[in-house]
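Worksheet: one structure, shown below.
The values are calculated or read from the model by the stated rules, or taken from the named source; none is laboratory data. The model shown is predicted, which means the values in this text are computed figures rather than measured ones. Here the Cβ is made from the backbone with ideal geometry for all residues, glycine too, and neighbour counts use every protein chain on show. All accessible areas refer to the heavy atoms of the entire protein, side chains included, with ligands and DNA or RNA removed. Shrake-Rupley method; radii C 1.70, N 1.55, O 1.52, S 1.80 Å.
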Amino acid sequence: MNLAHNPSEERLLAYAAGSLSAPEAVVVAAHLALRPANDEWVHTLMSVGGSLLEDSEPSPLSNGALADAMARIETDTGVCDVRPALNDMPELPEPLRRYALGPWRWLGPGVRAREVHAPRDGNCRVILLKIDPGRSTPRHTHCGVELTCVLQGAYATETATFGVGDLEEADEDTLHQPRVVSDIPCLCVVALDGEIQLDGWLGRLMQPFVKL
Ligand code: ZN
């Protein structure tokens, strides 16, 4: 397991405890859908947390009774046959399919983005980013957290390469220029807090035009 390409333990624990911000949780959920081993570990964390709660707080309805009741309701009403409308990208992992998507927007040569209508947290929101082979984003840093999970293709920064399921955690201290190294476009889901901050004189010139 390459630790540089997984969420930090703090972030996974916050996810398991349900205290991670909604946009970050969407990206972590996509990562876990592509990484069954990590998903299993998070479920273990969740069940450990759940059993600790059960030990400390007596529950009027046991988990089994609640599940039975829900199953009966679903069978009686046919609820289990009703699926929420799915978006127009079947290639997305399941956690992302339930969200409506905004239109693709052109951000630069070979770079486009569309909004994922998942819950926001202040200025932090979820976007899909699609970058053509050989293309890169401008060199930039960030106002806050930038959590990226690769869904298709691969990209490289100055220090590492990220493939399908890999997760990159970046923040104010990260200056990078992701460049696509796969021969297909690289599709990523990103939780982004605020606007990216472009580097250098050309970046400052372009800054007003790059709105993610
Ligand atoms: Zn970045």
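For the peptides 138-149, 156-167, the ranking by mean Cβ contacts within 10 Å, running from highest to lowest, is 138-149, 156-167.
Taking amide H positions as modeled 1.01 Å from N, with prolines and chain starts lacking one, the residues under 5 Å from Leu20 and 5 or more places away or on another chain are Tyr15. At a probe radius of 1.4 angstrom, the accessible area of segment 1-40 per residue rounds to 49 square angstrom. Between Cys124 and Gly194, the built amide H atoms are under 5 Å apart, and every one of these is 5 or more places off in sequence or on another chain. Mean projected area of the Cα convex hull of segment 141-212, taken over all directions, amounts to 4.8 nm².
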